[in-house]
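**Q** One structure follows; several queries about it will come next.
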Amino acid sequence: MNSLKDTVLTSLHLGSIKPKGWLREQLQIQANGFTGHLDEHWEDVGPNNGWLGGTGDSWERGPYYLDGLLPLAYLLEDNQLIEKVQPWIEWTLNSQQEDGSFGPNNLIQLNEVLGDNQDWWQEAIMLKVLTQYEEVSKDERVIPFLTRYFQYLQNALDQYPLKEWMEARGADLLLSIHWLYERTENPELLTLAEKVRQQTTDWSSLFEKFPFWRKQNQWDHRTHVVNVAMGIKTPAVFYRQTDNEWEKNAVYKGIESLMTYHGQAHGMFSGDEWLSGTHPSQGVELCAVVEYMYSMENLIRILGDGSFGDILEKVAFNALPAAISPTWDSHQYDQQVNQILCNRAQRPWVNAPDSNMFGLKPNFGCCTANMHQGWPKFTSSAWMATNDGGLAAISYIPCQTTTTVADGTPITLNIDSQYPFRENVNIKVHVENSVHFPLYLRVPNWCKHMLIKVNGKEQYYRTENQFAIIERQWSNLDTVEVILPMDIMFNDHNNGAVSVQRGPLVYALSLGEQWICMNKRERFHDWEIYPKKAWQFGLMRQSEFLVKEQAINKQPFDLDAPIKILAKGKQISNWLMENNSAGEPPLNPEVYSHAYEENIELIPYGCARLRIAEFPTLNN
């Protein structure tokens, strides 16, 4: 391998995109909750963590936590959070040995020493942290540090090759190797990258001919839901090294297979530890949600296909907020599309009975440490640079983007929107001198008639890879208006059931919520949630659906939703509770003899912690 294949898009450095509007409020809520205070209340990422020189947990939890804490701190420009980040960075940089290795000497999790002490996974996470840190801080120590470490790894991998978790997640290590090569062009890094590729699970072949058609019932790294969520980007990462078109195509085949055999209404595939089929009461792990988002962010960067932006938004706006409390002080390990109660109970999945409770560390602490990256990395991926000197809109979330275009001309774009809760987006250009460059605006697959106006004049545009391209001379205070009509759509599922979608938001019947504290701590308590309303409703698909907009609160993902859909439904008699969850939506739903057509209110999926989002359908 003589070089790396160029990516179609280029990520902007951390800090180039600043959140605004509801998005900034969301990040601030995160900072006020778990992310800003977890180290004060959970010893696994507290002062005794091994990545701070202590004798506590020294495997993945500290690096996981920092992988979200660091970008959040710099996005909010929060000095207190930045001060929390810095000791981790300083200890890590100062831990490097003469041979180039770094990190804690003993791998400890849950107070036990792990294996033979030669696991590369925790270091791979910390490498991702350091690359983000270098971009935002320009700390001159980072690139020499990474160079020495990768020189060490070149020989160390012969004696201790990738195994288990790291073997499945080798692409995450490759991302950091590629990052350094793009800055140094050191050919030795290409040799190392090839060695890592050969030691990594062959996700390309697996996704090209996907073998896991049913719910999995035994342990395998290739069916572990988080590994799969990470693994889906691997063929594209390999493609940069091999230039094999079949590997690029394996990404699309893999996503299609995952959604066919394990797909869920919120855009994820199931996995209540292993791939678990399409039943809407199977769980989806929160770690898988944030890692699938990270995979989509990398796929759109590498391959430049806007369709990955559709998946990214659907997961970000639905599955992510649904698994975390509105105040960011409790979370689930597993969420269900049809979630009629959250309590400690045995369910037909691998994970423990507390897996769908909301709490500090239900089932296992990996999600407690790893969930923090979701919103910050999504924010940092909202815009990317194109290879022809332009900019590409990946998501229309409210933000301000400052970077350069064309031949290095500084530019700022102010994106004023309430997307995805509203259809209109306004982009204002700020440049000192007029400049010619292309603007790529993603055309969502759910949007049939996207309208673009520049300075009030409608634009005719060409599309490429699901992007509308407006190329022109841009002047200071030019305004781009993007109108994204959101039609109500029905997505089909098993047994004739449907989910309701409008724009990137999936809609659900809220069941009301009674939160009962089961374990009280100084902060971050454990909760069970019980419904206040009936859940066995069939949807009258042919009736009229009305959209109702309301004020957008600081936390839009709450029961007081900023937008609702008014629909019609009837209660069903043969839809029963099974294994402490909603049973499968019946193929032939039967209504009670006295049942009447009722008005039902659907709210965004991420606003309801108890909900029905996959409905049996009824004829009018």
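**Q** If I compute solvent accessible area with a 1.4 Å probe over the protein chains, what percent of it on segment 463-583 is carbon and sulfur?
**A** 44
**Q** Going by a ≥ b ≥ c, the root eigenvalues of the Cα gyration tensor, does segment 506-620 fall in the rounded group (a/c under 1.5), the prolate group (a/b larger than b/c) or the oblate group?
**A** Oblate, since a/c reaches 1.5 and b/c is not below a/b.
**Q** Determine the calculated [θ] at 222 nm for the chain from helices alone, applying -39500 (n - 2.57) to every DSSP H run no shorter than 4 residues and normalising by the residue count; nearest 500 deg cm²/dmol.
**A** Roughly -10000 deg cm²/dmol at 222 nm, from the helical runs in the chain.
**Q** Based on the alpha-carbon gyration tensor of the chain and its eigenvalue square roots a ≥ b ≥ c, which shape applies: rounded if a/c is under 1.5, prolate if not and a/b is larger than b/c, or oblate?
**A** oblate
**Q** If you don't mind, another one. Taking a ≥ b ≥ c as the square roots of the Cα gyration tensor eigenvalues, with a/c under 1.5 meaning rounded and otherwise prolate when a/b beats b/c, else oblate, which class fits segment 1-46?
**A** Here segment 1-46 falls in the oblate category.
**Q** With every protein chain in place, what's the accessible area of Val435 (1.4 Å probe, Å², nearest 10)?
**A** Probe radius 1.4 Å; accessible area of Val435 about 10 Å².
**Q** Using each residue's phi in segment 464-470, evaluate 6.51 cos²θ - 1.76 cosθ + 1.60 at θ = phi - 60° and report the 3J(HN,Hα) Karplus result to the nearest Hz, with x for Gly and Pro.
**A** Going residue by residue, I get 8, 6, 6, 10, 7, 10, 10 Hz, with x marking Gly and Pro.
**Q** Moving to a separate point now. At 1.4 Å probe radius, can you tell me the per residue accessible area of the chain in Å²?
**A** Accessible surface, normalised per residue, equals 37 Å².
**Q** Let me ask something else. Amide H to amide H, which residues 5 or more places from Met518 or on other chains are under 5 Å from it, using H placed in the peptide plane?
**A** Here the answer is Asp526, Trp527, Glu528, since their amide H atoms fall under 5 Å of that of Met518.
**Q** In whole Hz and in residue order, list the ³J(HN,Hα) couplings for segment 40-56 that follow from phi through the Karplus curve 6.51 cos²θ - 1.76 cosθ + 1.60, θ = phi - 60°; x for Gly and Pro.
**A** 7, 10, 9, 4, 4, 10, x, x, 8, 4, x, 7, 10, x, x, 9, x
**Q** Another question, then. Per-residue HN-Hα couplings for segment 531-536, Karplus 6.51 cos²θ - 1.76 cosθ + 1.60 at θ = phi - 60°, whole Hz, x for Gly and Pro?
**A** Ordered by residue, 3J(HN,Hα) equals x, 10, 9, 5, 10, 7 Hz.
**Q** Leaving ligands and nucleic acids out of the surface, order Thr147, Thr386 by accessible area at 1.4 Å, largest first.
**A** Output order, biggest surface exposure first: Thr147, Thr386.
**Q** Can you list the residues, at least 5 places off or on another chain, whose amide H is less than 5 Å from the amide H of Asn574, using H built in the peptide plane?
**A** Distant-sequence amide H within range of Asn574: Glu590.
**Q** Let me ask you something else. Sort Glu188, Glu528, Glu83 by accessible area with a 1.4 Å probe, largest first.
**A** In descending accessible area the options line up as Glu83, Glu188, Glu528.
**Q** From the cross-link list Lys548/Lys568; Lys195/Lys314; Lys18/Lys428; Lys138/Lys314; Lys18/Lys138, which pairs have alpha carbons spaced over 25 Å apart?
**A** In this structure, Lys195/Lys314; Lys138/Lys314 exceed 25 Å between Cα atoms.
**Q** Which order do peptides 8-16, 286-294 fall in by mean Cβ count within 10 Å, highest first?
**A** My ranking of the peptides, most packed first, is 286-294, 8-16.
**Q** I've got another one for you. Sort Arg541, Arg609 by accessible area with a 1.4 Å probe, largest first.
**A** Arg541, Arg609
**Q** Name the residues whose placed amide hydrogens come within less than 5 Å of the amide hydrogen of Gly390, ignoring near sequence neighbours (fewer than 5 apart) on the same chain.
**A** Ala406
**Q** Would you mind computing, in nm to one decimal, how far apart the modelled labels at Ala406 and Asn79 are, each placed 7 Å from Cα along Cα→Cβ?
**A** 3.8
**Q** How much length is gained if the chain between Asn48 and Leu576 is pulled fully straight, taking 0.36 nm per residue apart and subtracting their Cα-Cα distance, in nm to one decimal?
**A** 185.3 nm
The values are calculated or read from the model by the stated rules, or taken from the named source; none is laboratory data. In this text, all values refer to a predicted model and were calculated from it rather than measured experimentally. Cβ sites come from the backbone with ideal geometry, for glycine too, and all protein chains shown count toward neighbours. Each accessible area value is taken on the protein alone, full model and side chains, heavy atoms only, with ligands, DNA and RNA left out. Shrake-Rupley method; radii C 1.70, N 1.55, O 1.52, S 1.80 Å.
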